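Asks: Take this structure, written in structure tokens, and hold onto it; I'll ask about it next.
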Amino acid sequence: MKVFRSRCVIALLSAIAIATTATAQEPEKKKPLSPPASANVQLGGANVKVDYSAPSARGRKIIGGLVPYDKWWRTGANAATALTTSADLDINGTKVPAGGYTLFTLPSEGTWKLIISKATGEWGTKYDESQDLARIDMKKDTLGSPQETMSISFEKTHGKETQLHVRWEHVDAWIPVTAK
């Protein structure tokens, strides 16, 4: 009986050693280069959300390089950037009915434009201008120091008003948003 127990203990310890070695040799899951991110805000009783993927510069020239001037940009990486709102919005004077949309931007050396597309659910490399709800001028500021990872945020929120900011490298492109 002692021999049997000894063999069982040895077999169990061997199995644990093999399992530990196999686990240690498995590669770690890589974090995505452009992880999913979101920006959320409550305006009055309305919920407004932007879902996007946040790319990083990683030593590349971004604005006017990877993101060329005067060509539409998916405003992030991977799947297209999605806007969802539970209330009608006024985005810098343009009425945007409650619902779901895709956001693109049109960067230029001067003024940027926010493109709101009625098409939804597409990959970020697909864009159909005929689906535009609107193209709206954005304000543009220069950041004091470069921002490595692109971000979208709602800022200066009070009551039913906020600002939607898109920041990357040295650019802060933003636009006022009001819930109706």
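Asks: Using label points projected 7 Å from each Cα along Cα→Cβ, tell me how many nm separate T111 and T149, to one decimal.
Replies: Placing both labels 7 Å along Cα→Cβ, they lie 3.3 nm apart.
Asks: Shifting gears a bit: Ignoring ligands, DNA and RNA, please state the percent of accessible area on region 39-141 from carbon and sulfur, probe 1.4 Å.
Replies: 46
Asks: While we're looking at this one, here's another question. Quick check: pseudo-label points 7 Å beyond the Cα along Cα→Cβ at N47 and A119, how many nm apart are they?
Replies: Once both label points are built, they end up 2.7 nm from each other.
Asks: Which entries in K49/K180; K30/K139; K156/K180 show an alpha-carbon gap greater than 27 Å?
Replies: With Cα atoms farther than 27 Å apart: K30/K139.
Asks: Once you order the gyration tensor axes a ≥ b ≥ c over the Cα atoms, which shape class does region 99-180 get: rounded for a/c under 1.5, otherwise prolate or oblate by comparing a/b with b/c?
Replies: Note, shape of region 99-180 comes out oblate.
Asks: Whole Å is fine, so just give me how far the alpha carbon centre of region 155-180 lies from that of region 27-48.
Replies: Rounded to whole Å, the Cα centres lie 16 Å apart.
Asks: Now a separate question. Just how large is the dipole of region 53-93 about the Cα centre, in debye to the nearest 20, putting +1 at every Lys and Arg Cβ and -1 at every Asp and Glu Cβ?
Replies: 440
Asks: Would you list, by chain and number, the aspartates and glutamates whose Cα falls below 12 Å from the Cα of K118, excluding same-chain residues fewer than 8 positions away?
Replies: D128, E129, D132
Asks: I need the per residue convex hull volume for region 22-147, using only the alpha carbons, in cubic angstrom as a whole number.
Replies: Dividing the Cα hull volume of region 22-147 by its residue count gives 168 Å³.
Asks: At 7 Å along the Cα-to-beta-carbon direction for both A98 and R135, put a label point, then send me their distance in nm to one decimal.
Replies: The answer from the label model is 3.1 nm.
The values are calculated or read from the model by the stated rules, or taken from the named source; none is laboratory data. If you're wondering where the values come from, they're calculated on a predicted model, not measured in any experiment. Every residue, glycine as well, gets a Cβ built from its backbone with ideal geometry; the counts of neighbours run over all protein chains shown. Accessible surface areas use protein heavy atoms only, side chains included; no ligands, DNA or RNA. Shrake-Rupley method; radii C 1.70, N 1.55, O 1.52, S 1.80 Å.
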